[in-house]
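Novice: Just passing along the structure, written as structure tokens.
What follows draws every value from the coordinates through simple rules; no lab data is involved. Remember, predicted model here, so these are calculated numbers, not experimental data. Here the Cβ is made from the backbone with ideal geometry for all residues, glycine too, and neighbour counts use every protein chain on show.
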Amino acid sequence: MSSNRRLMAGSLILLLLLALVIVWMAGGFNARVLPGLLITEARTGGSSYVVSSQKRPSFERVPGSIEARETTLVSSRVLSTVERVLVRAGDRVEADDLLVSLDQRDLKARLESLTASRAAIDARLQEAQKTLVRTEELLERGLLSQADADKAVAAEAALLAERQAVSETAKELAAAVSYTEVRAPIAGRVVDRFVEPGDLASPGARLVSLYNPGSLEVAVKVRESLAMRLALGDAVQVTVPSVQRSFSAQVSEIVPVADRVSRSFDVTLQVSEIQGLLPGLFAEAQIPSGEELWRAVPEEFVQHLGQLNLVWIESPSGPVKRFVRVGRSEGGYLEITAGLEDGDRLIEQP
């Protein structure tokens, strides 16, 4: 019995020690802090600000992208093997610069064969013309029938037609040989190359894509109620966040048909400042949307507590804190969308 009591006493002591450890780890021996917000009191006698609203033009931010108006996809016009690709993505080229060189040996061989065929036809044509002259002399002297004379005329005409056909085929082959040197149709920048030496290029297969850096523009989709207020030549402020640039652009095109799904119009903005811009970059256009009531206070009067915002207001009974809802920040001022009225006097925080 005594051993059982000692065992039970030891177990109780261990449980007690374990409970004390758990309470200590949970902070039970520390001074408790009541739940609430740690808010610094307003400082009296400091600067103050009287809330007031003002009407100003309002703008709606419309997302868009930078695009190149002049974009060219250079393709092959003949079936041939790629010998050399002289450009890579990002290279700058001038108009008529050589981009891709194709194998022209097969085409040149066919052109030489046609040249030889034409020489043979020319020799036969000369003989036929001489025969025709002799035939006409014999026909005048009555020594040859009209049928034989007609055969000589037909032989000459057939050779003339054959020579014409060979000449046209030779011209086509000469043009095909020139197509093996693929040149830049415009001055610009290489976007990508789609072939490598040894690849087989077929007619219509893309080889290189180019764009003209001087033809950059901003493409946006503007909802119909805003688009109806725009006119060609209107100035629109554009921001490109990735390059931290903001500039003015002009409305250069408004597609006169609305998208029936999104209820928006395609609008193009002409860009004059293209330095540092690339096609595909995200852009944001500020489209005029009328007027708005702007109520803002200096940022130093607003305290931020996590996701909450508050200000101190002067009242007859002393400083009073008030939670507010904030919006945009512009030029050191923070927009107040709810919580304040015109005439409220704010007190600066410590």
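Novice: Put one equal scatterer on each alpha carbon of the stretch 104-179, apply the Debye formula with no solvent term, and list log10 I(q)/I(0) at q = 0.12 1/Å to two decimals.
Specialist: -0.46
Novice: List the GluC sites (Glu not before Pro) within the stretch 258-346 that DSSP assigns to loop and that have no more than 14 neighbouring Cβ atoms inside 10 Å. Mind showing how you got there, number by number?
Specialist: Numbers: sites: Glu273, Glu284, Glu291, Glu292, Glu299, Glu300, Glu314, Glu330, Glu335, Glu341; in loops: Glu273, Glu314, Glu341.
When the GluC sites (Glu not before Pro) of the stretch 258-346 are filtered for loop state and at most 14 Cβ neighbours within 10 Å, Glu273, Glu341 remain.
Novice: Return the sequence-ordered ³J(HN,Hα) values of the stretch 93-102 in whole Hz as given by the Karplus equation 6.51 cos²θ - 1.76 cosθ + 1.60 applied to θ = phi - 60°, using x for Gly and Pro.
Specialist: Result, ordered by residue: 10, 9, 4, 6, 5, 6, 9, 9, 10, 9 Hz.
Novice: Another question, if that's okay. Setting aside same-chain residues fewer than 8 positions from Lys221, which aspartates and glutamates have a Cα under 13 Å from its Cα?
Specialist: Partners found: Glu60, Glu253, Asp259, Asp266, Glu284.
Novice: Over every pair of different alpha-carbon atoms in the chain, take the mean of 1/r and invert it; report that Kirkwood radius in Å.
Specialist: On the way: mean 1/r = 0.0329 Å⁻¹.
Across the chain, the inverse of the average 1/r is 30.4 Å.
Novice: Could you give the distance between the Cα centres of the stretch 59-118 and the stretch 286-302, to the whole Å?
Specialist: 53
Novice: Obtain the nm distance between the two label points defined at Ala231 and Leu143 by a simple spin-label model: each point lies 7 Å from its Cα along the Cα-to-C-beta direction.
Specialist: About 9.3 nm, to one decimal.
Novice: Write out the chymotrypsin sites (Phe, Trp or Tyr not before Pro) in the stretch 237-293 meeting two conditions: DSSP loop, and at most 11 other Cβ atoms within 10 Å of their Cβ. Intermediate values should be presented prior to the final figure.
Specialist: Values: sites: Phe247, Phe265, Phe282; in loops: none.
Taking the stretch 237-293 and a limit of 11 other Cβ atoms within 10 Å, no loop chymotrypsin sites (Phe, Trp or Tyr not before Pro) are found.
Novice: Could you pull out every one of the aspartates and glutamates with an alpha carbon less than 14 Å from that of Lys108, ignoring same-chain neighbours closer than 8 positions?
Specialist: Lys108 reaches Glu172, Glu181.
Novice: Here's another thing I want to ask about it. In which sequence would Ile22, Ile347, Ile274 go, from the one with the fewest C-beta neighbours within 10 Å to the one with the most? Numbers along the way, then the final one.
Specialist: Numbers: Ile22 10, Ile347 22, Ile274 15.
Ordered by Cβ neighbours within 10 Å, fewest first: Ile22, Ile274, Ile347.
Novice: Next up: Cα axis of helix 105-140 to longest principal axis of the chain: angle in degrees, 0 to 90, nearest 10?
Specialist: The answer is roughly 30 degrees.
Novice: Separate question: Just to confirm the number: angle between the C-alpha axis of helix 146-179 and the first principal axis of the chain, 0 to 90 degrees, nearest 10?
Specialist: 30
Novice: Could you name the aspartates and glutamates in cross-link range of Lys171, using Cα to Cα under 16 Å and dropping any fewer than eight places away on the same chain?
Specialist: Asp106, Glu112, Glu162
Novice: How large is ³J(HN,Hα), in whole Hz, for each residue of the stretch 277-287 in order, when computed from phi with the Karplus curve 6.51 cos²θ - 1.76 cosθ + 1.60 and θ = phi - 60°, using x for Gly and Pro?
Specialist: So the J values, rounded to whole Hz, are 8, 9, x, x, 5, 6, 9, 9, 9, 9, 8.
Novice: Enumerate the calculated ³J(HN,Hα) couplings along the stretch 257-269 in order (Karplus 6.51 cos²θ - 1.76 cosθ + 1.60, θ = phi - 60°), each rounded to whole Hz, writing x wherever the residue is Gly or Pro.
Specialist: Each residue's phi maps through the Karplus curve to give 9, 7, 6, 6, 8, 8, 6, 9, 10, 7, 10, 10, 10 Hz.
Novice: Scan around Ser289 for amide H atoms under 5 Å from its own, H built in the peptide plane at 1.01 Å from N, and keep only partners 5 or more places away or cross-chain.
Specialist: So Ser289 has HN proximity to Ser58, Phe59, Glu60.
Novice: For helix 2-25, what angle does its Cα long axis make with the longest principal axis of the chain, in degrees from 0 to 90 and rounded to 10?
Specialist: Between the helix axis and the principal axis of the chain, the angle is about 70 degrees.
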